[in-house]
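Every number here is computed from the coordinates shown, using simple stated rules; none is lab data. Predicted model, so just to flag it, every value in this text is computed and none were measured. Backbone-built Cβ (ideal geometry, glycine too); neighbour counts: all protein chains shown.
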Amino acid sequence: MATAKEKKEEVKKYLKKLRADLRVIHLAVTDELKLPDPKEVKTLMTEMEDLLLVIDPKSAKKAKKKAK
């Protein structure tokens, strides 16, 4: 099992990547008036689900079961 410090670093890494990806999408929407590619949005949603698994594995598993 990961220590709290390792978990924190992993979460930071996920958040940095998500923030950068969302910033790119936001700029495309606001500056170019262009909607994001659906695949790109789906990828970001998957990454957010992965982040939830890192933060709270039990609640993430329950959420996945409800979604099915």
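Below are the figures for this structure:
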| item | result |
| --- | --- |
| Residue count, the stretch 1-40 (criterion: part of a helix (DSSP H, G or I) and within 18 Å of Asp56 (Cα to Cα)) | 13 |
| The stretch 49-60, residues that are over 20 Å from Lys5 (Cα atoms) and loosely packed, with under 12 Cβ neighbours inside 10 Å | Ser59 |
| Residue that is farthest from Leu52 (Cα to Cα) [pool: residues in the stretch 1-37 that are among the hydrophobic types (A, V, I, L, M, F, W, C) and touching a residue at least 24 places away in the same chain (Cβ under 8 Å)] | Leu18 |
| Search result, residues across the stretch 16-40 that are within 10 Å of the chain's Cα centre (by Cα) and surrounded by 12 or more Cβ atoms within 10 Å (Cβ to Cβ) | Lys17, Leu18, Asp21, Leu22 |
